[in-house]
Structure formats: C-alpha cells, structure tokens
1. When residues of the stretch 41-59 are filtered for being more than 16 Å from residue 472 (Cβ to Cβ) and open to solvent by 20 Å² or more (accessible area, probe 1.4 Å), how many remain?
2. Check 207, 243 and return the single one that is in contact with a His (Cβ under 8 Å, 6 or more places away or on another chain), polar (S, T, N, Q) and at pLDDT 85 or above.
3. Just checking, which of 231, 213 is more than 23 Å from the chain's Cα centre (by Cα), farther than 16 Å from residue 116 by Cα and at pLDDT 85 or above?
4. Take residue 178 and tell me if it is part of a helix (DSSP H, G or I), under 35 Å from the mean Cα position of the chain (by Cα) and surrounded by fewer than 16 Cβ atoms within 10 Å (Cβ to Cβ).
5. Restricting attention to the stretch 134-147, which residues are open to solvent by less than 10 Å² (accessible area, probe 1.4 Å) and more than 12 Å from the chain's Cα centre (by Cα)?
6. Every residue in the stretch 191-206 that is in contact with a helix residue (DSSP H, G or I) (Cβ under 6 Å, 6 or more places away or on another chain) and open to solvent by 30 Å² or more (accessible area, probe 1.4 Å), please.
7. Taking the conditions exactly as written (at pLDDT 85 or above and either closer than 30 Å to residue 71 by Cβ or among the hydrophobic types (A, V, I, L, M, F, W, C) (or both)), does residue 356 satisfy them or not?
8. Determine whether the stretch 390-400 contains at least one residue that is within 23 Å of residue 44 (Cβ to Cβ) and modelled with pLDDT under 85.
Amino acid sequence: MAREQLQVLNALDVAKTQWYHFTAIIIAGMGFFTDAYDLFCISLVTKLLGRIYYHVENAEKPGILPPNVSAAVNGVAFCGTLAGQLFFGWLGDKMGRKKVYGMTLMLMVICSVASGLSFGHNPKSVMTTLCFFRFWLGFGIGGDYPLSATIMSEYANKKTRGAFIAAVFAMQGFGILAGGIFAIISSAAFEAKFDAPAYEVDPVKSTVPQADYLWRIIVMVGAIPAAMTYYWRMKMPETARYTALVAKNAKQAASDMSRVLQVDIEAEPQKMEESVSAFKLFSKEFMRRHGLHLLGTTSTWFLLDIAFYSQNLFQKDIFSAIGWIPPAKTMNAIQEVYRIARAQTLIALCSTVPGYWFTVFFIDRIGRFAIQLMGFFFMTVFMFALAIPYNHWTHKDNRIGFVVIYSLTFFFANFGPNATTFVVPAEIFPARFRSTCHGISAASGKLGAIIGAFGFLYLAQSKDKAKVDAGYPTGIGVKNSLIVLGVINFLGILFTFLVPESNGKSLEEMSGENEDENETGAMELEPSGLNRRTVPVA
C-alpha cells in the first residue's frame, strides 16, 4: 500500500515556478558551461599542438600529434570524467549533495588553470603535464554530472522538472559555443599582431613562437565561469529529499525548504519512523525493481556517446576531408585554429544550441521517451544519408549539403538522447541511490565517449596507405566509420524501450519509495507501480 508523502516533498512537487528554480538552474548550469568548454576546447588546439611540438624538418605537411599522444590528449579527460562520475556519484549519496558539490568545482578551477602550465619545454614534458591535469580536470567534471542532475531533480516541481534538468544540461551548448567564439577572437587577435606566412611558403615561420601562448590561454579561460559560481554553490541548502529520505532529518528538511519556498511546512517526524524499504544497491530487490531501468539508462547513454563524441571531437577532420577547412599547408598555425574554431562555432550555433533548447521546451509536453526515440531515429537516418552516398558529398558543389545533414545529426542528438539520457537517471531511482545510479549511467556514457574518441582516430583513416596521416595504420575510411555510427544509433532505438517514462510523476512515485513491501519482499500491485512503464499509455 502506498504511504502518504511527506509534506515538504509534496510542497516541492506542486510548487509554482519561482526565482529559486532559475537560481538553481544558473548555479548548476554554470558548472556544465565550464564542463563543456573544458572538454571540447582541446579539439580546437590539437592541430596547433602538433605544429608547435612535432614539427618535422622538410616535411610536406605541418607536424601533427603522434597517434598515441593524440589519443591521450583527446581521451584522458574522459578517463578522469568516468572515474569522477562513479566516485562523486557514490559520495553524493553518502555525504550529501551539497558537501560534495563545492569539491568538484574547485577541482575544475585549479586543473583548468594548471592545464595551461607546463614543466619544461620539450614535447614530452608539455604533453605529460597537459594530460596529467586534464585527467584531474575530468575527474572534477565527472562529479558535476550526477550532482547537478540530482540537485536539480530534487529541487524541481514535477510539472516542469524535465525542463529544469534539461536547462542545466543545455548550458553545455553555450559552453561549446563560448569555447569556439573565444578561440575565434583570440586567434584573430594573434593573427593581427603576429603575421606569418602559410606553411607551404615557409614551414618554420608559419608557426610563430607566440602561438605557444594561444593554446594555453584558450585552455585556461575555462576556469573563470567555474570560479564565479563557487560562492553561490556553497550557499545552496541541502536538498530536502536527501535530508528527509536519506539523512532522515525531516525537521531540517522542512526548515530548509520553508526558507526556499517561503511557506510554512510541517516537519512530520512521525512519518520518518515509517522507514523506507532498506534494500541495498545491486541487491536482488534492487535488481528486480530497477535492474532493467539501470540497463536502459547505461546502454542508451553508452551508445549515444560513442556516436556523439566521435563526431564532436573530430569535426575538424571531417570538415578537412570534405574541403570545408583548407589543406593545412595553405595556412599558418594561427589561421588553422581560427578556421577550426569557426567551423565548430557554426555547427554549435546552428544545431547544437537550438537542439538543447528544443528539448527544454518540449520535454514536459511530449515526454522523455518520445524525444529519445525520435532523436535516435533521425540520427540513424541522417548518418546513413551521409555515409551511403559519401563520395557524392565530397564533390565541391555538394559540400554545403553535407554540412547541413551533419548539422541535423547534432540537432537531433541534442533534441534527443544527449539530453534525455542525462535527465532520466536523475528521476527514476530512489533518493539513497539516485546520485550513484546517475553516476553509473553517466560513466557508461563516458566509456562510450572514450571508445568514440580513441576509435575514430584509427577507424576514419583512409584505406589507401598513401592518404593515411603520419604514424597511423590504415583504417576503414570516413564513409565506413559513418556507417558504423549509424548502426550504433539504431541500437540506441532498441535499448530506449528499457527506459521508463517519468513525465509528470513525482520522484517517489517513479522510484517506488512511497510503496510498502509485503512479507515476501514483493511490491504490492498499485496503480503507481503499473504506471512505471516505458511507453506512455493513452
């Protein structure tokens, strides 16, 4: 039989949208703004790092990062993020969301600045330092995923909860956009101040010594927005759901939310004596109730991030392959940064950012399930539309069409599974496991990102040995790589059917925390239990 919900939790569920909701979105969202800036800014400067530190005398093309170095620079932050998601997700359920929230931000600030510093001047010391600090930067970023999602879900009302969590995640789009715009401005300023010939004119003078400052500035600026929000994170009270349901302090939860909501809320300590069911994470009871849900959230996020990050990190390679960015030897080092940043900024402006905010607007209207299914479907269609007639798109007259379809895949990733895979794990698990399960789901996604980031370096290489980048083995080519990504997106459609629809339901209704267990440990069959199905019922 369903228990009566605590008044403080009911007050949060039915609260009208107020200023504190927007404050929470901004405080949590600025963390994601920084996350996106820091994770994606490295793809703007990897070509520059190759020119500066791996120049080869009398080579026809500018220097590039060796395969193992490129894989490390691009992927090490994801390894840190994966570890941080698991660790801070677990810690958020043990210590409380607020106590851990400040730790992640300070780690991000310190490591963003340190990433731009280096011990020594030779390539090995610079790359080692960069990779070391980007690992710990990723570790802090990883903690932001489960904590921000959990805090926003536990503060929000049930009517607009999806939009609020999605709005936090949508700040990623602005972070990617800000990274591109800042790289455009800074590279344009450097180009105006330090004129240099193209590589084919003078290979040595094409990379001015001051270019070494450019990549460091771009990487280090990510610390500023994170530092600006530290004070406000520390001022946020602990979420009522953690205080009441996990810490079992209904009086403190009522007091905190009375101040936030500016209403009188009764503490109801007697209801806390009716303890929620005490099954453990990964116990038989947990797996019976939430096992398929966890499989659904981990698998869809894993598949999505393989496709999403392999595209996003290596846009510059795809744009070069179709001629949207000129051959490297026709530009100097700073011009190449400008061109790569301009291309990524256009993609972010035209597809990435609008896709996120379409999700914010529609997620509480048509539901998480429909958006995720639609997103995976169109990503599959557009990926095959790029891959099958790939030779057609490489002709000069057809390049704009390629970019349009490529942009649409990003639009439907963000108006689709890239947002919903973040939202749903914060809604469907019990409060005492919520941060941990979100961290596990997010870590599964980052495992996919690592596969995408590392694998695409090798897979996208040409099958013709003469056209392969220096140091790489032959691959399967861009066309076949896009086909592989299309198949991965199709698998995402199938696994979406394991994910329950949480639209319009309270967190306790979704997690089953208000339901008693009978003597055999099975949940009594209640309408709320029946409603936790995947596809919405008319």
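The values are calculated or read from the model by the stated rules, or taken from the named source; none is laboratory data. Everything numeric here is computed off the predicted structure, so don't read it as measured data. Positions of Cβ are backbone-derived with ideal geometry, glycine not excepted, and every protein chain shown enters the neighbour counts. Quick note on the areas: whole protein, heavy atoms, side chains included, nothing else; ligands and nucleic acids left out. Shrake-Rupley method; radii C 1.70, N 1.55, O 1.52, S 1.80 Å.
1. First, the residues of the stretch 41-59 that are more than 16 Å from residue 472 (Cβ to Cβ): 41-45, 48-49, 51-53, 55, 57-58.
If we keep only those that are open to solvent by 20 Å² or more (accessible area, probe 1.4 Å) as well, we get 52-53, 55, 57-58.
Residues meeting the conditions: 5.
2. Answer to the selection: 207.
3. Values: 213 fails: farther than 16 Å from residue 116 by Cα.
Exactly one of 231, 213 is more than 23 Å from the chain's Cα centre (by Cα), farther than 16 Å from residue 116 by Cα and at pLDDT 85 or above, namely 231.
4. Considered against the rule, which asks whether it is part of a helix (DSSP H, G or I), under 35 Å from the mean Cα position of the chain (by Cα) and surrounded by fewer than 16 Cβ atoms within 10 Å (Cβ to Cβ), residue 178 comes out as no.
5. Residues satisfying the conditions are 134, 137, 140, 147.
6. 191, 200, listed by residue number.
7. So residue 356 passes the test.
8. Yes, the conditions are met somewhere in the stretch 390-400.
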